[in-house]
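Structure first, then comments.
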Amino acid sequence: MAKYFGTDGFRGEANIGLTVDHAFKIGRFIGYYYGRDHKCRVIIGKDTRRSSYMYEAALTAGLTASGADVYLLHVTTTPSVSYIARIDDFDCGIMISASHNPYYDNGIKLINSQGEKMDEDVLLEIERYLDGEIGEIPYATRAEIGRTIDYSAGRNRYMGYLISLATHSYKGKKVGLDCANGSTSMIAKSVFDALGADTYVINSNPNGLNINLNCGSTHIEGLQRLVVGNGLDVGFAFDGDADRCLAVDETGRVIDGDLILYIYGRHMKERGKLEGTKVVTTVMSNIGLYKAFEEAGIEFETTDVGDKYVWENMRRTGNRLGGEQSGHIIFAKYATTGDGVLTAIKLMQAMLDRKLPLSKLAEPVKIYPQVLRNVRVEDKDAALSDLDVRQAEHQAKEKLGLNGRVLLRKSGTEPVIRVMAEAPTEDECNEAIDIIVEALQRKGYAENG
């Protein structure tokens, strides 16, 4: 199991959990590792955080010092780095972003030459180097020193690719976009304008400190007000690096990842595009989604939380659609990772093909109340393996019976245990969660209150 790299990269508070020295060393190792038998080529993108520029410089210094050539996409989205790494035969891609986290956090996401999350064995080698378990690697000298190349044209090619995937003109459609003061500030409006939409854009003025600040997919109330207040047909909210998308229908209802999976899964099934494959969900998906799938005759599979695991299932099985409740949606025919702008385009396709508003497409799904509580703990593994905590989990499950469910899991990016419950009412959810949280507190894993 990786020490520094979680399910979505190496993430931490800038220059505290993730330092500029970490970035330099990661660059040094990658340049050396991929450049042992040829000139290594790496593509780098970043989001709008103030520290992203610092990490870009440190990674570039490390890479070029090891002899790699570095191609800069500048401010762009995670899926664009994945796309360019894959189609332009780069050895790997790097995205500098902490996704939906606040501005003072940052992260380094490593992407392989196929546009997928970096292979675990490579991550473990990088971690060994960071911990000093691998001897010093040689510096490039003279003509072998790497160079830096502006590659902003790659971002434009990615935008052109997105536009080419739309099957309809959006003329006459009023679309809201919440860019989270992040990566889509450079992309989303241009794409929707090119497709003919009447676009209403909010939170598209990044200053390095306002990414995800009371906006985007984690604070969707602003988009709800925009859609309802202006009579828009639909709205889309992205996170900081645009690998997530949530939607708001014309009534102001939030269309989360579960509802997106239902809408497009049913759309694929009705067009015969789902035959022989299943929709891939995670353990956090709502019971209501599964009931709606069953009524629609749609088969599904479940993975651990993380679009990394969703994609691993899709790659192994040939399943074509998968994702998370949080809005990471993967369309395997078009991408190898979650792509927020692509998700918005596919939802527009479902609406325009069916000639129905988003509210009608989501109507068959009856979502159960779901409560998620994050409990900070010092030792996630010890807390989850404690017999008293497991007994409390069993007690909570018995309390809900067949009318709900309980799930405990550790975060891949934070020192927290996530305790989730679903039941017919929120009170029942909270009562079940209280049983588990009290056990965590009683055994000293979590603070009282």
Checking the conditions here, which among Ser113, Ser99 is at positive phi and of a type in the set (Gly, Ala, Ser)?
Ser99
On the basis of being out of contact with any Gly (no Cβ under 6 Å at 6 or more places or on another chain) and modelled with pLDDT of 95 or more, does Lys380 make the cut?
no
Which of the numbered conditions does Met186 fail, given that it passes all the others? Conditions: (1) at negative phi; (2) modelled with pLDDT of 95 or more; (3) of a type outside the set (S, T, N, Q).
(2)
Does segment 23-41 hold any residues that are closer than 28 Å to Glu414 by Cβ and crowded, with 21+ Cβ neighbours inside 10 Å, and which are they?
Ala23, Ile26, Gly27, Arg28, Phe29, Ile30
Give the residues of segment 329-345 that are among the basic types (Lys, Arg) and buried (at least 21 other Cβ atoms within 10 Å of the Cβ), sorted by residue number.
none
Among all residue pairs at least 6 apart or on different chains, which show Cβ distances below 6 Å where the first residue, located in segment 29-40, is over 12 Å from Glu144 (Cα atoms) and the second is of a type in the set (Phe, Trp, Tyr) and surrounded by 18 or more Cβ atoms within 10 Å (Cβ to Cβ)?
Phe29/Tyr129
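It is to be established whether one or more residues within segment 218-225 are under 19 Å from the mean Cα position of the chain (by Cα), under 22 Å from Ser411 (Cβ atoms), of a type in the set (Ser, Thr, Tyr) and surrounded by 24 or more Cβ atoms within 10 Å (Cβ to Cβ). So that I can check it myself, show each step before the final result.
Here is the first cut: in segment 218-225, the ones under 19 Å from the mean Cα position of the chain (by Cα) are 218-220.
Imposing the further condition that a residue be under 22 Å from Ser411 (Cβ atoms) reduces the set to 218-220.
When the remaining residues are screened for being of a type in the set (Ser, Thr, Tyr), the result is 218.
Next, only the ones that are surrounded by 24 or more Cβ atoms within 10 Å (Cβ to Cβ) stay: none.
For segment 218-225, residues under 19 Å from the mean Cα position of the chain (by Cα), under 22 Å from Ser411 (Cβ atoms), of a type in the set (Ser, Thr, Tyr) and surrounded by 24 or more Cβ atoms within 10 Å (Cβ to Cβ): absent.
State the number of residues belonging to segment 210-233 that are under 24 Å from Lys360 (Cβ atoms), in contact with a helix residue (DSSP H, G or I) (Cβ under 9 Å, 6 or more places away or on another chain) and outside any loop (DSSP other than H, G, I, E, B).
Initially, segment 210-233 is screened for residues under 24 Å from Lys360 (Cβ atoms), giving 217, 220-221, 223-233.
Now restrict to residues that are in contact with a helix residue (DSSP H, G or I) (Cβ under 9 Å, 6 or more places away or on another chain): 217, 223, 232-233.
Next cut, outside any loop (DSSP other than H, G, I, E, B) only: 217, 223.
Adding up the residues that qualify gives 2.
Could you say whether any residue in segment 234-244 is within 30 Å of Phe5 (Cα to Cα), in contact with a Ser or Thr (Cβ under 6 Å, 6 or more places away or on another chain) and not in a loop (DSSP other than H, G, I, E, B)?
Looking for residues that are within 30 Å of Phe5 (Cα to Cα), in contact with a Ser or Thr (Cβ under 6 Å, 6 or more places away or on another chain) and not in a loop (DSSP other than H, G, I, E, B), one finds at least one in segment 234-244, hence yes.
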Failed item in (1) surrounded by 19 or more Cβ atoms within 10 Å (Cβ to Cβ); (2) farther than 17 Å from Ser185 by Cα, with Ile211 passing the rest:
(2)
In segment 279-323, what count of residues is obtained for those that are closer than 19 Å to Pro364 by Cα, among the charged types (D, E, K, R) and outside any helix (DSSP H, G or I)?
1
Number of positions in segment 133-153 that are closer than 19 Å to Ile43 by Cβ and among the aromatic types (Phe, Trp, Tyr)
1
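Being touching a helix residue (DSSP H, G or I) at 6+ places or on another chain (Cβ under 8 Å) and assigned to a loop (DSSP other than H, G, I, E, B) is the filter; apply it to segment 245-268 and report the residue that is nearest to Leu342 (Cα to Cα). Outline the logic, then answer.
In the first step, residues of segment 245-268 are kept if they are touching a helix residue (DSSP H, G or I) at 6+ places or on another chain (Cβ under 8 Å); the result is 245-255, 258-267.
Still in the running and assigned to a loop (DSSP other than H, G, I, E, B): 249-253.
Details: Asp249: 17, Glu250: 20, Thr251: 23, Gly252: 21, Arg253: 21 Å.
Applying the filter and picking the extreme gives Asp249.
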Subset of segment 271-328 that is of a type in the set (Asp, Glu) and crowded, with 23+ Cβ neighbours inside 10 Å - its residue that is farthest from the chain's Cα centre (by Cα):
Glu324
Can you find a residue in segment 50-63 that is outside the structural domain of Leu342 (by TED's automatic domain parsing), aromatic (Phe, Trp, Tyr) and out of contact with any helix residue (DSSP H, G or I) (no Cβ under 8 Å at 6 or more places or on another chain)?
yes
Close pairs (9 angstrom Cβ cut-off, 6 or more residues apart or separate chains): within 14 Å of Val437 (Cβ to Cβ) in segment 380-402, assigned to a helix (DSSP H, G or I) and of a type in the set (Lys, Arg) anywhere:
Leu384/Arg390; Asp388/Arg442; Ala392/Arg442
How many residues are farther than 23 Å from Pro102 by Cβ, small (Gly, Ala, Ser) and in a loop (DSSP other than H, G, I, E, B) when one looks only at segment 407-448?
2
Looking only at segment 346-364, and only at residues there that are under 27 Å from Arg316 (Cβ atoms) and touching a helix residue (DSSP H, G or I) at 6+ places or on another chain (Cβ under 6 Å), the one that is surrounded by the most Cβ atoms within 10 Å (Cβ to Cβ)
Lys346
Can you confirm whether Val389 is assigned to a strand (DSSP E or B) and touching a helix residue (DSSP H, G or I) at 6+ places or on another chain (Cβ under 7 Å)?
no
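Restricting to segment 234-258, count the residues that are out of contact with any strand residue (DSSP E or B) (no Cβ under 7 Å at 6 or more places or on another chain) and farther than 22 Å from Glu363 by Cα.
Of all residues in segment 234-258, those out of contact with any strand residue (DSSP E or B) (no Cβ under 7 Å at 6 or more places or on another chain) come to 239-240, 242-243, 251-253, 258.
In the following step, the residues that additionally are farther than 22 Å from Glu363 by Cα were identified as 239-240, 242-243.
Of the residues in that region, 4 qualify.
Residues Lys333, Lys366, Lys346, Lys360: which one is at pLDDT 95 or above, part of a loop (DSSP other than H, G, I, E, B) and of a type outside the set (A, V, I, L, M, F, W, C)?
Numbers: Lys366 fails: at pLDDT 95 or above; Lys346 fails: part of a loop (DSSP other than H, G, I, E, B); Lys360 fails: part of a loop (DSSP other than H, G, I, E, B).
Just a single option satisfies the conditions, and that option is Lys333.
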Name the pairs: first residue in segment 158-173 and assigned to a loop (DSSP other than H, G, I, E, B), second residue among the β-branched types (Val, Ile, Thr), Cβ to Cβ under 7 Å, at least 6 apart or on different chains?
Ala166/Ile345
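Is it fair to say Thr199 is under 15 Å from Ser326 (Cβ atoms), hydroxyl-bearing (Ser, Thr, Tyr), at pLDDT 95 or above and outside the structural domain of Asp105 (by TED's automatic domain parsing)? Give the steps one after another, and end with the answer.
Numbers: under 15 Å from Ser326 (Cβ atoms): no; hydroxyl-bearing (Ser, Thr, Tyr): yes; at pLDDT 95 or above: yes; outside the structural domain of Asp105 (by TED's automatic domain parsing): yes.
It is false that Thr199 is under 15 Å from Ser326 (Cβ atoms), hydroxyl-bearing (Ser, Thr, Tyr), at pLDDT 95 or above and outside the structural domain of Asp105 (by TED's automatic domain parsing).
The values are calculated or read from the model by the stated rules, or taken from the named source; none is laboratory data. Just so you know, these numbers come straight off a predicted model, no measurement behind them. Don't worry about glycine lacking a Cβ; one is built from the backbone with ideal geometry, like all the others, and counts go over all protein chains shown.
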